[in-house]
Amino acid sequence: RALDLHDDDPVGRELSAARERALRAGLATFEHDRSPVADTIREEFTTRLVPARRGRVGARHSAHAAIHHAALQAARQAVLAMRANDEIGDDAFHLMEEELDRLEMAAGSEPE
């Protein structure tokens with residue numbers, strides 16, 4: 001007799017619920033702010049609310065992620081070249097690595 005087992009991904013559901021609540025709480029903190037900075041953050045948060053598999057917003061998010069990734073890779077290569085050519089020392093190199101890591105983490109990524 002076959003067991004009717006299925007993985008309904010409870011962690012995935014919890015993660016989605018937590019993401020939605022967290023991002024909506026963040027959006028609420030500046031809902032009346034119409035500055036360009038707030039608009040940029042609003043778009044970023046709103047885009048993260050919509051799964052990448054849904055239509056044009058998801059495609060825009062994917063395009064953003066691809067461009068962001070390519071830009072960070074180029075930035076890392078430039079810093080590596082500067083270090084290799086002794087244009088910067090170890091301390092500056094490691095600080096730049098940390099800065100680029102923070103940029104990468106701030107962009108976030110979701111498995112597709």
request  = Give me the distance in nm between label points sitting 7 Å out from Cα along the Cα-to-Cβ direction at Glu104 and Ala18, one decimal.
outcome  = 2.2 nm
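Under Stokes-Einstein, with the Kirkwood radius over Cα pairs standing in for Rh, what whole-number D in µm²/s applies to region 10-49 at 25 °C and 0.890 mPa s? Write down the numbers at each step before the final one.
Values: Rh = 10.7 Å.
It diffuses with D of about 230 µm²/s by this estimate.
Excluding Glu97 itself, calculate the net charge of residues whose Cβ lies under 14 Å from the Cβ of Glu97, where each Lys or Arg counts +1 and each Asp or Glu counts -1.
On the way: positive: Arg76, Arg83, Arg102; negative: Asp90, Asp91, Glu98, Glu99, Asp101, Glu104.
Taking every Cβ under 14 Å from that of Glu97, the sum is -3.
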message = Using 0.36 nm times the number of residues separating Val11 and Asp90, minus their current alpha carbon distance, what extension gain do you get?
response = 24.4 nm
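Taking other Cβ within 10 Å of each residue's Cβ, how do His68, His94 sort, fewest first? Could you put the intermediate results ahead of the total?
Numbers: His68 16, His94 12.
Least to most surrounded, the residues fall as His94, His68.
Here, each number is a calculation from the coordinates, and none is a lab measurement. Because the structure is a prediction, the values reported are computed rather than measured. Every residue, glycine as well, gets a Cβ built from its backbone with ideal geometry; the counts of neighbours run over all protein chains shown.
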